[in-house]
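Let me begin by presenting the structure, written as structure tokens, before commenting on it.
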Amino acid sequence: MSHTVDLTSENFSDIVDNNDLVFIDFWAEWCGPCKSFAPVFDGAAENHPDIVFAKVNTEEAQDLAGQFGIRSIPTLMVFKEQVVVFSQAGALQQSQLDHLVAEAKKLDMETVRQEIENRKAEKSTA
């Protein structure tokens, strides 16, 4: 039984807006590294039922792939409290994904939001 959600443009906002932590795997059926990463991602989903693990088939949801500038797959993207806090192309090993989950869980979003505001202020004065 899969513990992942199929993410589409129709359910994207609902999933990201209503869950504190969402890990998204952008993949395609023809992609060898995507197939290698799938069991790692699915295993993490089983081990962390408190997190939403979602998959975007880039062939079927080209609009989402384009919206996020996905150029290589697999790409893993992490949203915490509706903010992208991680985005990286390439398949991760189980230990790397476990580390990322731990780091994402303890990430202080107040600090992240302050850093975002500081960067916006710097750009507007530059």
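The values are calculated or read from the model by the stated rules, or taken from the named source; none is laboratory data. Because the structure is a prediction, the values reported are computed rather than measured. Cβ: placed from backbone, ideal geometry, glycine included. Neighbour counts: every protein chain shown. Heavy atoms of the whole protein, side chains included, go into the accessibility calculation; ligands, DNA and RNA do not. Shrake-Rupley method; radii C 1.70, N 1.55, O 1.52, S 1.80 Å.
A DSSP coil position with no more than 10 other Cβ atoms inside 10 Å describes the following GluC sites (Glu not before Pro) in the stretch 1-100: GLU10, GLU29. Remark: the stretch 32-76 carries 49 Å² of accessible area per residue (probe radius 1.4 Å; ligands, DNA and RNA excluded). Mean separation of Cα pairs under 8 Å and 6 or more residues apart, divided by the residue count, gives the chain a relative contact order of 29 percent.
Once the Cβ-Cβ distance of SER13 and SER95 is raised to the sixth power relative to R0 = 35 Å, the FRET efficiency obtained is 0.60.
What does the C-alpha gyration tensor say about the overall shape of the stretch 20-87? Classify as rounded when a/c is under 1.5, otherwise prolate if a/b is larger than b/c, or oblate. Since a/c reaches 1.5 but b/c is at least a/b, the shape of the stretch 20-87 is classed as oblate. Under 18 Å from the 7 Å Cα→Cβ point of SER87, by amide nitrogen: which residues of the stretch 48-72? Of the residues in the stretch 48-72, 54-59, 61-72 have backbone N under 18 Å from the label point off SER87.
Checking every one of the trypsin sites (Lys or Arg not before Pro) in the stretch 33-119 against DSSP loop status and a limit of 10 other Cβ atoms within 10 Å picks out ARG71. Whole angstrom only: what separates the Cα centroid of the stretch 82-126 from the Cα centroid of the stretch 1-44? Their Cα centres are 18 Å away from one another. Find, among the chymotrypsin sites (Phe, Trp or Tyr not before Pro) in the stretch 13-65, those assigned to loop by DSSP (not H, G, I, E, B) with at most 10 other beta-carbon atoms within 10 angstrom. When the chymotrypsin sites (Phe, Trp or Tyr not before Pro) of the stretch 13-65 are filtered for loop state and at most 10 Cβ neighbours within 10 Å, TRP30 remain.
The angle separating the long axis of helix 94-106 from the principal Cα axis of greatest extent in the chain is about 40 degrees. A dipole drawn for the chain from +1 and -1 charges on Cβ atoms has a positive end, and of PHE12, THR58, VAL112 the residue lying farthest that way is VAL112.
For the chain, the longest principal axis of the Cα atoms and the long axis of helix 32-47 meet at an angle of about 80 degrees. Computed in the context of the full set of protein chains, the accessible area of the chain at 1.4 Å probe radius has 48% of its extent on carbon or sulfur.
The average projected area of the chain, computed from the convex hull of its Cα atoms over all directions, is 8.5 nm².
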